[in-house]
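Taking it in order: structure first as structure tokens, then the write-up.
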Amino acid sequence: DGTTSTVLFTGELMKQAEQYLGEGLHPRVIVDGFDVAKAATVEFLDQFAKEFKDLAKDREQLCNIARTTLQTKLRPEIVENLTDIVVDALLCIRRDEEAIDLHMVEILHMQHKLDLETRLVRGLVLDHGGRHPDMPRRLEKVWIMTLNVSLEYEKSEVTSNFLYKDAKERENMVVAERKFTDDKVRQIIEFKKQVCADNPGTTMLICNQKGIDPPSLDMLAKEGILGLRRAKRRNMERLTLACGGMQINSVEELSQDMLGFA
């Protein structure tokens, strides 16, 4: 980005100006000289510069630009590898007539890897996985549900007291609390069966921005559903952009057009 070069160049100009100030030259004259030099430099750059009408389609030129920038920052051993990675990453998220959103490219640090092993994943990498041993590890032809519904027991948001007379009333209260969450999970399972029955050979992935408690995970695992909990908001947004669908805030009215597919 040239920050170091700019500081060095400015320091050298100040050094030369100090010499003329010592000889009695007025500072205003020196500043006017700087302005003349700036105008001449800009004029030269306008004549020297080359215009690329469709730079996005010229991968070789993009690589040259990235390589020139990286060579001033990194070791030569990894520059060539990172050059291709940087260019391919930008071309992957680029959309015609839209500004490039660099937040769509995420850098994940692997503590047990070397910098020479850096690679580009042309897809979406989530830094969390299934929390149940019986959940599938690999899925193909997947319906993706981006969910923002709590599938775990939650305390009330307002101060409240529940009074019971004996152990039976307490047990009924616990069952009622559990039933509230289980009903939502059963609705999702029934919806999954309906969608997969209409599309044989498919399965379902649930990516939930909120929590999924162990009993709910167990119910999902028995149906072959992979459930990811506490997903980051930015990953939820990327997931809908990459695979389609929309974020679901309620399980009351589920439809297939709300799902993504991959």
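The values are calculated or read from the model by the stated rules, or taken from the named source; none is laboratory data. Predicted model, so just to flag it, every value in this text is computed and none were measured. Methodologically, a virtual Cβ is constructed for each residue, glycine included, from the backbone with ideal geometry; neighbour enumeration extends over all protein chains shown. To get the accessible areas, we keep the full protein, side chains included, count just its heavy atoms, and leave off ligands, DNA and RNA. Shrake-Rupley method; radii C 1.70, N 1.55, O 1.52, S 1.80 Å.
Tabulated values for the structure
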| read-out | value |
| --- | --- |
| Efficiency of FRET between Thr4 and Tyr153 - r from beta-carbon atoms, R0 51 angstrom, step 0.05 | 0.35 |
| Extension gain from Arg137 to Glu106, taking 0.36 nm per residue of separation minus the Cα-Cα distance | 8.9 nm |
| Length released on extending from Glu97 to Ala17, taking residue separation times 0.36 nm less the Cα-Cα span | 24.2 nm |
| Sulfur and carbon atoms: percent of accessible area, the chain [1.4 Å] | 54 |
| Span-like helix ranges in the chain, DSSP H, alpha carbon extent 20 angstrom or more, Kyte mean at least -1.0 | 3-22, 27-48, 76-93, 167-198 |
| Computed E for Phe261/Gln71 - FRET, C-beta separation, R0 35 angstrom, nearest 0.05 | 0.25 |
| Cut-off under 5 Å, modelled amide H: who pairs with Ile248 long-range | Thr146, Leu147, Asn148 |
| Filter on Lys53/Lys113; Lys15/Lys38; Lys192/Lys232; Lys113/Lys192; Lys53/Lys141 - keep pairs with C-alpha separation over 28 Å | Lys53/Lys113; Lys113/Lys192; Lys53/Lys141 |
| Antiparallel DSSP beta bridges within the chain, percent to nearest 5 | 15 |
| FRET efficiency for Leu241 and Glu177, using Cβ-Cβ distance with R0 set to 35 Å, rounded to 0.05 | 0.45 |
| Loop-resident sites, region 119-196, for chymotrypsin sites (Phe, Trp or Tyr not before Pro), counting at most 12 other Cβ within 10 Å (DSSP) | Phe162, Tyr164 |
| Point-to-point label distance, Lys168-Asp127, nm (Cα→Cβ direction, 7 Å offset) | 5.3 |
| √(5λ) per eigenvalue of the Cα gyration tensor, the chain, largest first, Å | 59, 25, 18 |
| Distance histogram for region 137-262 (every C-alpha pair counted, 5 angstrom bins, percent rounded to whole numbers) | 2, 10, 19, 22, 18, 11, 7, 5, 4, 2, 0 |
| Lys210 long-range amide H proximity, modeled H, under 5 Å | Val149, Arg230, Ala231 |
| DSSP loop trypsin sites (Lys or Arg not before Pro) with at most 12 other Cβ within 10 Å: longest gap in the chain | 166-229 |
| Where the chain is the region considered: accessible area per residue in Å², 1.4 Å probe | 73 |
